[in-house]
Amino acid sequence: MKSSSNLFCGLVLSVLAAQAAFGAEPRPNIIVMLADDMGYGDPHCYNPASKIPTPNMDRLAAEGQRFTDAHTPAAVCTPTRYGFLTGRYSWRTRLQNSVLWTEYEDPLIESTRETVARVLQRAGYRTAAVGKWHLGLNFAKPGGGFVRGKTGHMNGAGGTREVDFTQPVQGGPLALGFDTSFLLPGGINLEPHFWLADDRAVGQPNVWRANAAPTRAGTSGLEVHEGWMAEGWSDEAVGPTLTAKAEAFIAASAAMKKPFFLYFASQAPHRNCVPPDFARGKSQAGVRGDMVYEFDWSVGRVLAKLDELGIAKNTLVIVTSDNGAVPKSDEGEDFGHKSNGDLRGSKGGLFEGGHRVPLLVRWPGQASAGKTNASLVVLTDLMATFAGLAGASLPAGAAPDSFNVLPALRGATMDATVRPAVVLHSGAGQFAVRRGPWKLIFDAKLKPVQLFNLERDLPEEQNVIAAEPELVARLQMEFTRIRAANP
């Protein structure tokens, strides 16, 4: 009896110690919703002249914070996703430019690499990845080994045929700290075209999809790559299916009364733009605008699920994008809509339109509602930030390019002493470095060629490199130091 009493007392003391470590309130659930190619000028809360209704993102801005100087580490997809999940710049890997053009690739994130999911999993969180992966997966090759696909765009040609879909896929989210996943392997336009539930293909992908072929007559097949597709596959059903899976994970986690981390990577509004019927025609910016509306609808569904379950007050919600937007819809027009607002440039480039993105943060009780925050933050910072939030330590060498910006999520405006220089990377593999208001752009040979003061010249119209030689030298030295380190 005495032994049982001592055991009970020990459990009580453990609970009290945990409460002391993390505060009286339980650790918050964390949801990151990542749009695919949504620009700074797409949400109405960032661009009052936007031709796209975004009531749910507008709601987040009213109930939380709207960051105005948030950036992706790269101006294209795969490297940004790598950076968010690892807290490490992708140019430190084999991927020196562009993206992966198929998911039949050796995974870009090694199984030994520390990830945000693994950090939170160790801290007691239930973790899930839902949506676009696009970081490489090991699919089995008939007869042994792994499939390797094309290495370039090839205008959508070059699909891979010899794949054994009966075997489990290796090197995906389950190997990186996620308890469960439901994936669109490479995005809406890239091969293969089917679902992965954890490490297994859903059904048997036995339909060969042609290059640039839509799944429904009269819809867009722009940038679609040929490859294996599941029978009955519908591009228009992708967003609603992912949203339902995200809702189910939230509900199951709430029932387990366990803190959770959900990485919800939407397919929208990336090309090919194929909005479901309920979203078609909702914007005045073509089918791409309708896809932004669809992403906003997904945001609304997630918020509604949190309200329904009574867990909104203890859930940190972050909505952002993987890079800037393309300027035109699939119809070949912009419809008078500025997808990147008044920023110069677009997806892929080093001007602000390529990597300055919307970042909406709602954390009830932690930051004032309706606040605009001008702190410089980068998506690589979320790993160190979430570790700090969960009271978890990062192993030595982990997340080398991640800085804890928890004060900013709580409403503070941070200066360069908290978030020092940022290295930005273009789709072509060129670099820029940002410190404070200054941004220095290098050419392909790493020669400084453009310098802008973004506080005075956000449209990047005045190249002042000739007037600031000492500043250029300091920024170049800092860039060289960061780039030379390769943890």
- Within the bounds of segment 273-282, is there any residue that is in contact (Cβ under 8 Å) with a residue 60 or more places away in the chain, of a type in the set (Val, Ile, Thr) and assigned by TED's automatic domain parsing to the domain that holds Arg301? yes
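To keep it simple, each residue is scored yes or no on (1) touching a Cys at 6+ places or on another chain (Cβ under 9 Å); (2) touching a residue at least 24 places away in the same chain (Cβ under 8 Å); (3) on the phi > 0 side of the Ramachandran plot; (4) assigned to a loop (DSSP other than H, G, I, E, B).
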residue	(1), (2), (3), (4)
Gly203	no, yes, yes, yes
Thr215	no, yes, no, yes
Ser220	yes, yes, no, yes
Ala248	no, no, no, no
Ala255	no, no, no, no
Exercise. Do we find that Arg113 is more than 26 Å from Phe146 (Cα to Cα) and at pLDDT 95 or above in this structure?
Worked result: no
Over segment 259-303, the set of residues hydroxyl-bearing (Ser, Thr, Tyr) and assigned to a helix (DSSP H, G or I) is Tyr293, Ser298
| message | Just to be sure before I move on: is Thr151 more than 16 Å from Pro107 (Cβ to Cβ), among the β-branched types (Val, Ile, Thr) and either buried (at least 21 other Cβ atoms within 10 Å of the Cβ) or in the same structural domain as Val238 (by TED's automatic domain parsing) (or both) in the structure I sent? | response | no
**Prompt:** If you check Ala387 against the conditions, is it surrounded by 21 or more Cβ atoms within 10 Å (Cβ to Cβ) and outside any loop (DSSP other than H, G, I, E, B)?
**Reply:** yes
Exercise. Does Thr160 count as surrounded by fewer than 22 Cβ atoms within 10 Å (Cβ to Cβ), polar (S, T, N, Q) and either without any contact (Cβ under 8 Å) to a residue 24 or more places away in the chain or more than 26 Å from Phe264 (Cα to Cα) (or both)?
Worked result: yes
- Task: State whether the residues of segment 427-438 include one that is surrounded by 24 or more Cβ atoms within 10 Å (Cβ to Cβ), in contact with a Leu (Cβ under 8 Å, 6 or more places away or on another chain) and modelled with pLDDT of 95 or more.
- Result: yes
By residue number, the members of segment 56-69 that are in contact with a Phe, Trp or Tyr (Cβ under 9 Å, 6 or more places away or on another chain) and either buried (at least 22 other Cβ atoms within 10 Å of the Cβ) or not in a loop (DSSP other than H, G, I, E, B) (or both) are Asn56, Met57, Ala61, Gly64, Gln65, Arg66
*asked:* Please verify whether Phe479 is touching a residue at least 40 places away in the same chain (Cβ under 8 Å), part of a helix (DSSP H, G or I) and not assigned by TED's automatic domain parsing to the domain that holds Leu262, treating the condition exactly as stated.
replied: yes
Selection from segment 106-142 of residues part of a strand (DSSP E or B) and within 17 Å of Ser253 (Cβ to Cβ) yields Arg126, Thr127, Ala128, Ala129, Val130, Gly131
Pairing a residue in segment 104-118 that is under 30 Å from Arg161 (Cα atoms) and acidic (Asp, Glu) with any residue that is surrounded by fewer than 22 Cβ atoms within 10 Å (Cβ to Cβ) and at pLDDT below 95, where Cβ atoms lie under 9 Å and the two sit 6 or more apart in sequence or on different chains, gives Glu105/Thr151
If you go through Pro259, Pro269, the only one that is in contact with a Lys or Arg (Cβ under 6 Å, 6 or more places away or on another chain) and more than 30 Å from Ala432 (Cβ to Cβ) is Pro259
Within segment 160-184, the count of residues that are closer than 15 Å to Leu262 by Cα and not in a loop (DSSP other than H, G, I, E, B) comes to 7
Residues of segment 294-346 being small (Gly, Ala, Ser) and over 15 Å from Leu359 (Cβ atoms), in sequence order, are Ser298, Gly300, Ala304, Gly310, Ala312, Ser329, Gly332, Gly336, Ser339, Gly345, Ser346
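The values are calculated or read from the model by the stated rules, or taken from the named source; none is laboratory data. Keep in mind the model is a prediction, meaning the values are calculated, not measured. Positions of Cβ are backbone-derived with ideal geometry, glycine not excepted, and every protein chain shown enters the neighbour counts.
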